[in-house]
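Below is one structure; the comments refer to it alone.
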Amino acid sequence: MKIIIPELSNPIIKEAIQSFPEVEFLPADSLEQATEMLNHHQADSILSGLDYSSRDVLLAYKAGIPLKSDYFSSSFICQKDSQLYALADGGVNKLPTKDQLYTIVADTAETFTNFTGDQPKIAMLSYSTNGSGGKNPDLEKIHFVIDQIRQNHPDYLIDGEMQLDAAIIPEISTKKFPTSQIKGTANILITPDLNSGNLLYKAMERFGGFTIAGPIIQGFACPLADLSRGSTTKDVILTLDVLIKQLERSNHA
């Protein structure tokens with residue numbers, strides 16, 4: 001397995017890759033060169049972003065790598081002790097349409113399952129729980145996605161709309177959303193827009209003490225990853241772990 005990392009000389013990267021002696025890591029002089037190397041089958045994936053903005057990374061991926069989904073998106077894997085959540089989309093789609101939101105959910109569930117092997121329990125997050133916020137086009141979009149996911153992925157558990165506490169705390173779910181499929185045990189958190197997704201992942205990282213993988217960039221012909229420029233060595237190790245498991249699963253598909 002070969003992964004291109006343009007920032008291979010960065011001290012944080014150098015420390016992180018010591019945890020993966022079985023992987024060959026390749027340098028690149030630029031993001032454009034990295035995508036060219038990938039397209040010439042010189043490697044299996046790219047990880048970048050520690051010294052580049054997410055905008056530059058995403059533009060390079062979009063310009064140089066074909067899509068496999070209708071849209072591309074991002075998810076974060078957030079881990080703290082025994083707690084692990086996938087969170088999307090906090091890195092790409094500003095105001096997703098209902099079709100984009102469906103793709104975000106489906107691709108994030110695949111990312112989560114490839115990494116953990118666990119059943120997706122998906123919470124569609126909102127300011128409202130189970131109709132408490134009245135009628136709103138944003139809530140109608142969430143309900144459309146829930147219906148489509150239940151039809152196309154009956155093995156997934158999905159519910160919403162719901163507030164964060166009802167998604168992850170069983171006692172509160174019992175009070176606020178007693179008919180919920182996931183009953184306060186969500187392991188995938190889907191936010192309605194980029195603002196809320198980015199704020200939530202940063203809060204989990206900085207206030208909650210979670211190690212954050214990603215963003216994992218979804219929807220392209222091969223697994224890809226971006227990094228925050230504030231990523232730690234632990235973040236990079238977790239990101240590589242997620243990326244490698246995506247590659248292993250795709251190689252055995």
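In the stretch 211-218, is there at least one residue being in a loop (DSSP other than H, G, I, E, B) and surrounded by fewer than 24 Cβ atoms within 10 Å (Cβ to Cβ)?
Scanning the stretch 211-218, I find no residue that is in a loop (DSSP other than H, G, I, E, B) and surrounded by fewer than 24 Cβ atoms within 10 Å (Cβ to Cβ), so the answer is no.
If I ask for residues that are under 16 Å from the mean Cα position of the chain (by Cα) and surrounded by fewer than 20 Cβ atoms within 10 Å (Cβ to Cβ), which ones from the stretch 52-67 would you list?
Selection gives Ser54 alone.
Look through the stretch 168-186, keep the residues that are touching a helix residue (DSSP H, G or I) at 6+ places or on another chain (Cβ under 7 Å) and part of a helix (DSSP H, G or I), and return whichever of them is surrounded by the most Cβ atoms within 10 Å (Cβ to Cβ).
Among those that are touching a helix residue (DSSP H, G or I) at 6+ places or on another chain (Cβ under 7 Å) and part of a helix (DSSP H, G or I), it is Ser173.
Among the candidates Gly214, Gly230, Gly208, Gly184, single out the residue that is among the small types (Gly, Ala, Ser) and closer than 16 Å to Ser45 by Cα.
Gly214
Looking at (1) buried (at least 24 other Cβ atoms within 10 Å of the Cβ); (2) not assigned by TED's automatic domain parsing to the domain that holds Asp51, which one does Asp226 not meet, given that it meets all the others?
(2)
Given the options Gly49, Gly117, Gly133, name the one that is at negative phi and either buried (at least 20 other Cβ atoms within 10 Å of the Cβ) or modelled with pLDDT under 95 (or both).
Sole residue among the options that is at negative phi and either buried (at least 20 other Cβ atoms within 10 Å of the Cβ) or modelled with pLDDT under 95 (or both): Gly133.
Say whether the condition of being part of a helix (DSSP H, G or I), touching a residue at least 24 places away in the same chain (Cβ under 8 Å) and surrounded by 14 or more Cβ atoms within 10 Å (Cβ to Cβ) is met by at least one residue in the stretch 5-12.
For the stretch 5-12, residues part of a helix (DSSP H, G or I), touching a residue at least 24 places away in the same chain (Cβ under 8 Å) and surrounded by 14 or more Cβ atoms within 10 Å (Cβ to Cβ): present.
Tell me which of these Gln79 doesn't satisfy, since it passes every other one: (1) in contact (Cβ under 8 Å) with a residue 24 or more places away in the chain; (2) assigned to a strand (DSSP E or B); (3) outside the structural domain of Leu200 (by TED's automatic domain parsing).
All conditions are met except number (3).
If Thr232 meets every condition in (1) at positive phi; (2) outside the structural domain of Tyr102 (by TED's automatic domain parsing) apart from one, which number is that one?
(1)
(1) without any contact (Cβ under 8 Å) to a residue 24 or more places away in the chain; (2) within 25 Å of Thr179 (Cβ to Cβ): which one isn't true of Tyr102, the others all being true?
The single condition Tyr102 does not satisfy is (1).
For (1) modelled with pLDDT of 95 or more; (2) buried (at least 19 other Cβ atoms within 10 Å of the Cβ); (3) closer than 27 Å to Lys62 by Cβ; (4) touching a His at 6+ places or on another chain (Cβ under 9 Å), each residue gets a yes or a no:
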site: Cys78; (1), (2), (3), (4): yes, yes, yes, no
site: Asp138; (1), (2), (3), (4): no, no, yes, no
site: Gln151; (1), (2), (3), (4): yes, no, no, no
site: Gln163; (1), (2), (3), (4): yes, yes, no, no
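Any residue at all in the stretch 20-27 that's farther than 21 Å from Leu238 by Cβ, of a type outside the set (Lys, Arg) and free of Cβ contacts under 8 Å to residues at least 24 places away in the same chain?
Scanning the stretch 20-27 turns up at least one residue that is farther than 21 Å from Leu238 by Cβ, of a type outside the set (Lys, Arg) and free of Cβ contacts under 8 Å to residues at least 24 places away in the same chain.
Check Tyr85 against each of (1) under 17 Å from Leu243 (Cβ atoms); (2) of a type in the set (Ser, Thr, Tyr); (3) in contact with a strand residue (DSSP E or B) (Cβ under 7 Å, 6 or more places away or on another chain) and name the one condition it does not meet.
(1)
Could you say whether any residue in the stretch 149-167 is in a helix (DSSP H, G or I), outside the structural domain of Gly49 (by TED's automatic domain parsing) and in contact (Cβ under 8 Å) with a residue 60 or more places away in the chain?
Checked against the condition, which is being in a helix (DSSP H, G or I), outside the structural domain of Gly49 (by TED's automatic domain parsing) and in contact (Cβ under 8 Å) with a residue 60 or more places away in the chain, the stretch 149-167 yields no hits at all.
Can you pull out every residue in the stretch 42-99 that is among the polar types (S, T, N, Q) and within 17 Å of Gly230 (Cβ to Cβ)?
Selection gives Ser48, Ser53, Ser54, Ser74, Gln79.
With assigned by TED's automatic domain parsing to the domain that holds Ile244 and not in a helix (DSSP H, G or I) as the only criterion, which of Tyr52, Tyr61 stands out?
Only one candidate passes the filter, namely Tyr52.
The values are calculated or read from the model by the stated rules, or taken from the named source; none is laboratory data. Predicted, not measured: the structure shown is a model, and the values here were computed from it. Ideal geometry is used to build each Cβ from the backbone, glycine not excepted, and the neighbour counts take in all protein chains shown.
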